[in-house]
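Visitor: Let me begin by handing over the structure; questions about it come next.
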Amino acid sequence: MKWQARKDIDWLAVLPAQAAQAVLKTYLQAWKNCWDGRADKPNFKARVRTVMSVDIPQGRDLNITRVHRRWGMVNIPEIGRVRFRWTKDLPVGKRANKENRITGARLVKDALGWHIAFRVQTLQAKPEPHAGPEVGIDAGVNLPLALSDGNHQDHGRPTRTENGTADRDKWLTAEEKAKLLCLERRAAHRKSFRKPKERTSNRLRNTYDQIRTLRARATRRATDWQHQTTTALARIYGTLVVEQLHIPNMVKSAKGTIEEPGKHVAQKAGLNRAISQEARGRTVTMLTYKAARNGGTVHKVPAPNTSRRCSACGFITPGSREDQATFVCKSPDCGWSGNADYNAARNLLHLYRMGHALIPAAGRAVVRRTRGVKPATAR
Ligand SMILES: [Zn+2]
């Protein structure tokens, strides 16, 4: 069927066969994810908002060479030889063998330029079970990662602005923040001249691009911190307990419906932004595969009341604590108080010890890893 389509549709035949196959494969996987209940139905991508990416499904034609300590060269189909920044050890040349090789690559474009990520297949020995201590980890609002033993992980950047709202731009420096504000004002000004249905002017698009670049830089800093922190945690601890959380629901719920509008929408939106920015889900994903690599395990425990329950006596203080940095126990006999995120982390560990953990996914011996590589010179 695929080959018929290539005969019938002119532009399809121009594309390399592998690229077309990769698209079909992704599409089929999207439907499989839908049928298995992991995701919604696949729908059309927005041209402007989606990350552009091209897959190179086979590794043998890449012909990767290292030309310098920091630079490598790679063959990209239809483009030619391209230089890229060498940031990770890659199994190329003599170091490549059946068990340890590059099986493909993916080109991704973000606001900072093109990147190439290599798919690397490595045979890893099953790690010895990690004998490290147990820990509860809460991805909090006040502390980026609160740990039940008090070894909190902080990136040293304020999570809130002076007027108490969540600081979306904490990964930017003061100068970059000022620049961003200036650009946003300029964009709003230029947009005000645009008539309905008129196409975006080149100047406005230029300003949007500059805003996107700043934001992409912030995202990259955040991800870098996440990677370093999760790697360190996976090395120290053998058992990591996190909250079972559904971020999309939390973000959606504040808005409510037209019939039943949500309460405190603006405040919750701010909080949700902070949560989304901190990207809890990605932290858990990173922790899970990094722990597995070190012989440790990540356990998820159900979330209700972990933020409202006192970790010293178990008393549930009603009401929301979501905007409070300090937890104060309202039980007349206890009166414990402390960092709210720390309190939640201790509760998570306690729930795990009481046997409330959901069953973790089994680790695999062969791990397929994607190693990120910094931008290539091709833009
Ligand atoms: Zn208490």
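Taken together, the values in this text are just the output of simple stated rules run on the coordinates, not laboratory data. The structure presented is a predicted model; accordingly, all values stated were derived computationally and were not measured. Please note: Cβ atoms are built from the backbone with ideal geometry, for glycine as well, and neighbour counts cover all protein chains shown.
Visitor: Tell me which chymotrypsin sites (Phe, Trp or Tyr not before Pro) from the range 22-129 have a DSSP coil assignment and no more than 12 other beta carbons within 10 Å of their own.
Guide: Details: sites: 27, 31, 35, 44, 71, 84, 86, 114, 118; in loops: 44, 86.
Answer in residue order: 44.
Visitor: Would you order 85, 199 from fewest to most other beta-carbon atoms within 10 Å of each residue's own beta-carbon?
Guide: Details: 85 15, 199 8.
By the 10 Å Cβ count, ascending, the order reads 199, 85.
Visitor: For the residues 341, 36, what sequence is obtained by ranking on other C-beta atoms within 10 Å, fewest first? Walk me through the numbers on the way to the answer.
Guide: On the way: 341 24, 36 8.
With the fewest neighbours first, 341, 36 line up as 36, 341.
Visitor: Further question: How are the alpha carbon pair distances in the range 52-136 distributed across 10 Å bins from zero to the largest one, expressed in percent?
Guide: Histogram of Cα-Cα distances, whole percents per bin: 14, 43, 23, 14, 5, 0.
Visitor: Per-residue HN-Hα couplings for the range 226-237, Karplus 6.51 cos²θ - 1.76 cosθ + 1.60 at θ = phi - 60°, whole Hz, x for Gly and Pro?
Guide: Per residue, the Karplus-derived 3J(HN,Hα) values read 4, 5, 4, 5, 5, 4, 4, 5, 5, 6, 7, 9 Hz.
Visitor: Another question, then. In this model, which of 32/109; 88/109; 45/109 are farther than 21 Å apart at the alpha-carbon? Don't skip to the answer; put the middle values down first.
Guide: On the way: 32/109 26 Å; 88/109 19 Å; 45/109 15 Å.
Pairs exceeding 21 Å: 32/109.
Visitor: Going by amide H atoms built from the backbone, whose H comes under 5 Å of the H on residue 136, apart from near neighbours?
Guide: 148, 149, 241, 349
Visitor: Could you tell me the center-to-center distance, by alpha carbons, between the range 24-84 and the range 116-138 in angstrom?
Guide: One Cα centre to the other: 24 Å.
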